[in-house]
1. Residue by residue through the range 29-46, note down the ones that are on the phi < 0 side of the Ramachandran plot and outside any helix (DSSP H, G or I).
2. Quick one: in the range 35-76, which of the residues that are of a type in the set (F, W, Y) and over 30 Å from P90 (Cβ atoms) is surrounded by the fewest Cβ atoms within 10 Å (Cβ to Cβ)?
3. Only residues that are in contact (Cβ under 8 Å) with a residue 40 or more places away in the chain, farther than 14 Å from R114 by Cβ and of a type in the set (A, V, I, L, M): list them for the range 31-79, please.
4. Going through L49, L95 one at a time, which residue ends up being in a helix (DSSP H, G or I), under 22 Å from S130 (Cβ atoms) and at pLDDT 80 or above?
5. State the number of residues belonging to the range 111-128 that are surrounded by 11 or more Cβ atoms within 10 Å (Cβ to Cβ) and either closer than 15 Å to A52 by Cα or aromatic (F, W, Y) (or both).
6. Considering (1) at pLDDT 75 or above; (2) surrounded by 10 or more Cβ atoms within 10 Å (Cβ to Cβ), say which one P30 fails and leave the rest.
Amino acid sequence: MRETPSPEGTPERVRVTSSRRTSRAPARRPLETELDEQTVLGEVYLRGLMRAQFRLAATIIAFGVAGLGGLPLFFWLVPDARDLRLFGLPVAWLLIGVLVYPVTVIVAASYVRRATRLESTFTDFVKRLS
């Protein structure tokens with residue numbers, strides 16, 4: 001590139017249309033590729049998903065332990081509750097034999113729905129970034 005002096009003695013402006021030293025930004029890789037190839041970035045995203053799934057599972061387990069473990073504790077702390085009867089059956093039997101199963105099914109369905117929502121949110125996020 002040569003500069004030609006202008007009549008006033010100052011160099012004339014020159015437009016550069018090409019440069020031999022171009023610094024290209026690295027090609028952006030889709031997140032799906034990062035996940036498939038198990039790169040550091042892909043591992044970070046997967047670790048976030050697994051952390052969210054673990055929190056959900058731990059919450060459900062804590063709820064189950066508190067609910068099922070709380071029944072024997074309740075009957076131990078309140079001895080008069082052991083002798084309560086409803087329709088001729090002990091209330092403890094009704095709670096453990098009848099009420100526990102529908103609650104377990106509801107909690108399990110809630111877990112599946114929330115886990116599916118977590119995974120679909122992650123999938124939408126990956127598609128949006130790709």
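The values are calculated or read from the model by the stated rules, or taken from the named source; none is laboratory data. Since the model is a prediction, treat every value here as computed from it, not as a measurement. Cβ placement follows ideal geometry from the backbone for every residue including glycine, while neighbour counts extend to all protein chains displayed.
1. Within the range 29-46, the first condition is being on the phi < 0 side of the Ramachandran plot, and the residues that meet it are 29-37, 39-46.
Within the range 29-46, R29, P30, E37, T39 qualify.
2. Of all residues in the range 35-76, those of a type in the set (F, W, Y) come to 45, 54, 63, 74-76.
This time we only want the ones that are over 30 Å from P90 (Cβ atoms), so: 45, 54.
Working: Y45: 17, F54: 10.
Among those residues, the one meeting the criterion is F54.
3. Correct list: L31, L35.
4. Values: L95 fails: under 22 Å from S130 (Cβ atoms).
Residue meeting the stated conditions: L49.
5. Step one: of the range 111-128, the residues surrounded by 11 or more Cβ atoms within 10 Å (Cβ to Cβ) are 111, 114-115, 117-119, 121-123, 125-127.
With the extra rule that they be either closer than 15 Å to A52 by Cα or aromatic (F, W, Y) (or both), the set shrinks to 111, 114-115, 117-119, 121-123, 125.
So the count comes out to 10.
6. The single condition P30 does not satisfy is (1).
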